[in-house]
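> Got a structure for you, questions after.
The values are calculated or read from the model by the stated rules, or taken from the named source; none is laboratory data. No experiment lies behind these values; they were computed from the predicted model shown. Cβ coordinates were reconstructed from backbone atoms using ideal geometry, including for glycine residues, and neighbour counts include every protein chain displayed. Remember, those area values only see protein heavy atoms, side chains included, never the ligands or the DNA or RNA. Shrake-Rupley method; radii C 1.70, N 1.55, O 1.52, S 1.80 Å.
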Amino acid sequence: MQSVRQPVGERLVKRVVVAGGGTAGWVTATALVRHLGPLIDITLVESEAIGTIGVGESTVPTFRGFHNLMKIDEAGFMSATQATVKLGIEFRNWGRIGDRYIHPFGTYGRKWSWMADFHHFWLHASARGFGGALNDYCLESVAGEADRMSLAPPLAPSYAYHIDAARYARALRSLAEPAGVRRIEGKIRTVELNPESGFIDALVLDSGSRVEGDLFIDCTGFRSLLLGEALGVAFEDWGHWIRTDSAVAVQSTSNGPEQPYTSAIAHEAGWRWRIPLQHRDGNGFVFASEYMSSDEACARLLSEISGEPLFDPWLIRFKTGTRAKAWHKNCLALGLAGGFIEPLESTSIHLMMAAVTRLIEDFPFQGFDPALLSYFNGKSRQEFENIRDFIILHYHVTEREDSGFWNRCRTMAIPDSLSERLALWEETGRAYQLPHELFRIDSWAAVLLGQRRHPRGYHHVAEMMPEQTLRDELARMKREIAGLVDRMPSHREFLNAYCPAEAPD
Ligand SMILES: Cc1cc2nc3c(=O)[nH]c(=O)nc-3n(C[C@H](O)[C@H](O)[C@H](O)COP(=O)(O)OP(=O)(O)OC[C@H]3O[C@@H](n4cnc5c(N)ncnc54)[C@H](O)[C@@H]3O)c2cc1C
């Protein structure tokens, strides 16, 4: 397949080969067959002997938008994946040991002025000694703290899910295969390149069979067999900004409430997650190997989880960074094969879904035009960099001085793009969301304020509201949210009624 222009209307890219059957592989195959099924042939190659990474169970609300596009029935999907609701993330010990805040998926308060976001009014009230906690003005935070959930009007929260990753890939497979995706079980031995164009011609399996295609989607995980190994697209390592490079993970029996949020509990060399599902918990200890051994991480994880471990913990090494290009010649890498930002804000599945959506929008029916690839790669890079900055923020904006890890994170040089945002926030209290950026203004405000970075200034429009009016309006808003949450069923009652889990394996 050449990168030259073809007559308009001629369809040259018809055979799509997805290499890998983890979350990325099945998300890609399902989305392609659902949206472009009549126009293309889709083959997925995976190796059960190699298996999948087995983590990736916390999501963000864009996941729901992607499922809506794919017309996936929500309750059925939640039952099949033993899903629970996620209204945000609880952060403990990040600003200082003992601190706690929620980064909710919803918005704070109400937009009272086009000039300034709600948090400016809240900062003004706080400076005068009233207003209470910012979280009290966010439905998702209040519902999360109360373990409540409802989809009933007048106001349903913004939410995502906690899912069983293995069941999710299986659920997608059960949609994709009947819709026409051909699955081949087998190990890819080599990637055959065209000697003239350098494009991928075929995957050669251990069995000796060849799988030919026009477009190859590399979903082989960290191995990046096609884009990285065969096509030699370099990995750009962001490890100097994000020091965590390892995790030990273990599943455990549920013990305690299925809280509708992920927990991210910082420790001296990273953080620990708890992801509650309907039938078990997912747990993991993320750490920087420079500051903690895997044996210590494993022992700490086992001593800190609340339920009984269901298996032995497994160790995962990773690098934060991205491939120099996500799409090169006739190969696009999605999921871990294309890049990874450590899992603190659960952004990996979002990134792959955003990229698949773009692929469908800009599918290269007529060949691999360099302008299309450059447009696609530019968007992917922007998305990765915006998320990277948001993750660095959590590590950098801290007052912790109790370990070498935190001293380094606190004092390290950060990307210019983040320095500029921080400077603007500190002077003016202004946060912003770039076009196509995942994290919203309220996300930036939640982390900055949650980690004690109070700005020196805020928009003076807040002073134009008479103080008594501001007091009354804030009190009314809090009462309204508390009233709504009081009427919601518990998270468990919601799950039982809406999407009771299918029996565990
Ligand atoms: C510690 C950790 C925690 C994470 N937590 C989250 C989270 O909470 N939320 C989130 O969104 N993301 C999270 N992620 C990321 C998430 O796990 C991945 O984005 C997601 O699982 C997709 O992985 P994948 O499909 O790209 O790779 P994998 O799951 O590794 O799948 C790779 C596939 O390629 C196949 N394969 C590889 N080599 C060959 C070969 N030679 N022949 C044939 N087949 C082959 C494998 O069999 C497998 O099917 C986390 C990642 C890590 C490391």
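> Just checking, does the stretch 270-279 include any residue being of a type in the set (D, E, K, R) and not assigned by TED's automatic domain parsing to the domain that holds Ala202?
Yes, that holds for at least one residue.
> Give the residue that is farthest from Ser306 (Cα to Cα), with candidates limited to residues of the stretch 236-252 that are open to solvent by less than 10 Å² (accessible area, probe 1.4 Å) and away from the ligand (no atom under 14 Å from the Cβ).
So, considering only residues that are open to solvent by less than 10 Å² (accessible area, probe 1.4 Å) and away from the ligand (no atom under 14 Å from the Cβ), the one farthest from Ser306 (Cα to Cα) is Trp238.
> Sticking with this structure for a sec: For the stretch 385-499, which helices (runs of 4 or more DSSP H) that fit wholly inside it have 3 or more residues that are farther than 29 Å from Gly239 by Cα and open to solvent by 60 Å² or more (accessible area, probe 1.4 Å)?
Ranges flagged: 467-486, 491-498.
> OK, next. Suppose we keep only residues that are within 14 Å of the ligand (Cβ to nearest atom) and among the small types (Gly, Ala, Ser) within the stretch 209-235. Which one would you say is most open to solvent (accessible area, probe 1.4 Å)?
Ser209
> Only one of these conditions is not met by Pro104: (1) surrounded by fewer than 19 Cβ atoms within 10 Å (Cβ to Cβ); (2) within 30 Å of Ala501 (Cα to Cα); (3) touching a residue at least 12 places away in the same chain (Cβ under 8 Å). Which number is it?
Status for Pro104: all satisfied but (1).
> Where in the stretch 131-249 are the strands (runs of 3 or more DSSP E), entirely inside, with at least 3 residues that are closer than 30 Å to Lys14 by Cβ and either in contact with a Phe, Trp or Tyr (Cβ under 8 Å, 6 or more places away or on another chain) or not assigned by TED's automatic domain parsing to the domain that holds Ala269 (or both)?
182-185, 188-193, 200-205, 210-212, 215-218
> For the stretch 161-179, indicate whether the set of residues that are within 16 Å of the ligand (Cβ to nearest atom) and among the aromatic types (Phe, Trp, Tyr) is non-empty.
Among the residues of the stretch 161-179, at least one is within 16 Å of the ligand (Cβ to nearest atom) and among the aromatic types (Phe, Trp, Tyr), which makes the answer yes.
> If I filter the stretch 65-101 down to residues being loosely packed, with under 14 Cβ neighbours inside 10 Å and of a type outside the set (Gly, Ala, Ser), which single residue comes out as nearest to Ser263 (Cα to Cα)?
Arg100
> Quick one: which of Lys325, Lys379 is more than 24 Å from Ser294 (Cα to Cα), part of a loop (DSSP other than H, G, I, E, B), in contact with a Lys or Arg (Cβ under 9 Å, 6 or more places away or on another chain) and not assigned by TED's automatic domain parsing to the domain that holds Trp444?
Lys325
> Give the stretch 293-307 a look and list any residue that's touching a residue at least 40 places away in the same chain (Cβ under 8 Å) and either open to solvent by 30 Å² or more (accessible area, probe 1.4 Å) or assigned to a loop (DSSP other than H, G, I, E, B) (or both), or say none.
Ser294, Cys298, Leu302, Ile305, Ser306, Gly307
> To continue, here is another question. Filtering the stretch 28-58 down to residues that are of a type in the set (A, V, I, L, M) and loosely packed, with under 15 Cβ neighbours inside 10 Å, which residue is nearest to the ligand (Cβ to nearest atom)?
Ranking the candidates gives Ile50 first.
> For the stretch 190-208, name all the residues that are near the ligand (Cβ under 9 Å from one of its atoms) and loosely packed, with under 13 Cβ neighbours inside 10 Å.
The one that is near the ligand (Cβ under 9 Å from one of its atoms) and loosely packed, with under 13 Cβ neighbours inside 10 Å: Asp206.
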